[in-house]
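Participant: Okay, handing you the structure first.
The values are calculated or read from the model by the stated rules, or taken from the named source; none is laboratory data. Bear in mind that the values here come from a model prediction, so they are computed numbers and not experimental data. Note that we place each Cβ from the backbone using ideal geometry, even for glycine, and neighbour counts take in every protein chain shown. Just the protein is used for accessible areas: all its heavy atoms, side chains included, with ligands, DNA and RNA removed. Shrake-Rupley method; radii C 1.70, N 1.55, O 1.52, S 1.80 Å.
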Amino acid sequence: MPGFYALLQLDVAGLETFADEWVTVHRKLKEARTGFHDDVVKPLHEDHWRGEGGRAAQEYCDRVQMDIDALDKEVRALRNFLDTEADGATGRGGVKGLAGLKLRAENLQREALAEGMNITDSGTVEWEVMYDPNDPETPKMLDERRKTADSLETRVRRLLDEAAEDDEWLAKSLKVIFGTVGNFESENRQFGIVEPTAKDRQVYNQLNNVAAYFAVMKGWPTAAGLVQHYLDGSGKPVEVEPQQMMNDIPAFRKDVDGTLESDVRKRGDGPFTTEWSSTAPNPADGDRSMEWYYALNHFQYRLVGEKQGDEIKYHVEVQKRYDWGIPSEHRATVSGGGPGPMGMDLEQADIAHLHTSGMAQDFDVSGSSDEMTARS
């Protein structure tokens, strides 16, 4: 928990300078990525290397490029995160930004000094006053001084509570961006490369309890099944039904209709395949959306079909890599996998480490709907 003196001495400008330095890191990564793509990846995919060895080289270099992209995404996110949090512009924002916290501490310090009082590092307000015990106005004067000190101390302690909350949030958020020490898990994470630890076994048991909670207490077979499949560790792909998902997830249905309207209907006649787009359930849309939110969170979809005049025949495809704690995706701590079941807090990076230690395994989720028809 930060003390009052720490807030007064906080070097917000230094933090902003530190954030700006990450722009240079981003620029260098971008240059490296461009060079690697132009000099290595592009020639490979243009079949300059053929046969089985060429394909293996393509796959390997694609993974390297994916890691560079993921790292660059984290660098950019860290720069923005530090800058906006220091400014108080977004995120927790306003007076909860670090600059706002420091400004409030400085104002309280000035107010205390003007009253002849002192604020300790723990937030206590101390004061002394010379008085005449025989003066009939002394009790009133002392009471007013106590009230002034109490009011000031209440505001100081409120500030310190908010600073502690912000400090905890910063620590957790940085874990989300970069993972934890020794556990930088990129999109190209490796399976079973370290021995399981006692922490891994603890997290495994906790996540297994989450799956049971989903199945028994919530009646969410899909969410429970996907968590259990991750823990089973086979890594086998799982198929889902996009039509059922559209029925269950109003936000997904809305996005599909939006793609039809803004993209497909504006195309000429003939076959089409839209770009992959991201969508996610809104938990506020009801229990079914809530389950899909905890089952997949966000996922990608596209429309494939043919347009002839005002008639569109199409099907919907979905895809998702079921993984945890990818730093570049900036997903936060899981509270028991749901809204606080059993009071457990599970770090995404700790769940992800189950894949690294071979106790669980990431897998692909995909599906394709039956053909549907839309008319203008």
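Participant: Report, in deg cm²/dmol and to the nearest 500, the calculated mean residue ellipticity at 222 nm for the chain, where each DSSP H run with n ≥ 4 adds -39500 (n - 2.57) and the sum is divided by the residue count.
Facilitator: About -17000 deg cm²/dmol.
Participant: Taking R0 as 35 Å, what's the FRET efficiency between Tyr5 and Asp132 from their Cβ-Cβ distance, rounded to 0.05?
Facilitator: Details: r = 35 Å, r/R0 = 0.99.
The calculated FRET efficiency here is 0.50.
Participant: Another question, if that's okay. With Rg/Rh (Cα atoms, Kirkwood Rh) as the read-out, I listed (i) 1.11; (ii) 0.95; (iii) 0.97; which label goes with the value calculated from this structure?
Facilitator: (i)
Participant: Right, something else. Carbon and sulfur together cover what percent of the accessible area of the chain at a 1.4 Å probe radius?
Facilitator: Its accessible area is 50 percent carbon and sulfur atoms.
Participant: Based on the Cα gyration tensor of region 196-324, what are the three equivalent ellipsoid semi-axes, each the root of five times an eigenvalue, rounded to whole Å and given largest first?
Facilitator: Semi-axes, largest first: 35, 16, 11 Å.
Participant: Please give the residues of region 108-126, grouped as numeric ranges, whose backbone N is less than 17 Å from a label point set 7 Å along the Cα-to-Cβ vector of Arg158.
Facilitator: 108-112, 123-125
Participant: For a protection proxy built on the mean count of beta-carbon atoms within 10 angstrom, sort 258-270, 353-365 highest first, please.
Facilitator: 353-365, 258-270
Participant: Taking the highest mean first, how do the peptides 40-46, 286-292 order by number of other beta carbon atoms within 10 angstrom per residue?
Facilitator: 286-292, 40-46
Participant: Evaluate the charge dipole of the chain about its Cα centre and quote only its size in Debye, nearest 20, assuming +1 on the Cβ of each Lys and Arg and -1 on the Cβ of each Asp and Glu.
Facilitator: Using Cβ point charges on Lys, Arg, Asp and Glu, the chain gives about 580 debye.
Participant: Pairing the Cα long axis of helix 98-114 with the longest principal axis of the chain, what angle in degrees results, from 0 to 90 and rounded to the nearest 10?
Facilitator: Long axis of 98-114 versus the principal axis of the chain: about 0 degrees.
Participant: Still on this structure, I have one more. Ala56 to Ala212: extension gain in nm, 0.36 nm per residue of separation minus the Cα-Cα distance?
Facilitator: Gain on extension, Ala56 to Ala212, equals 52.1 nm.
Participant: Sticking with this structure for a sec: Filter Lys254/Lys307; Lys218/Lys266; Lys73/Lys236; Lys73/Lys199; Lys28/Lys320 down to the pairs with a C-alpha to C-alpha distance above 32 Å, please.
Facilitator: Lys218/Lys266
Participant: Of Phe81, Gln361, Leu101, which is farthest towards the positive pole of the chain's charge dipole, taken about the Cα centre with +1 and -1 on the beta-carbons of Lys, Arg and Asp, Glu respectively?
Facilitator: Highest projection toward the positive end goes to Gln361.
Participant: Apply 1/(1 + (r/R0)^6) to the Cβ-Cβ distance of Gln190 and Lys147, taking R0 = 45 Å, and write down the FRET efficiency to the nearest 0.05.
Facilitator: That pair, Gln190 with Lys147, gives E of 0.10.
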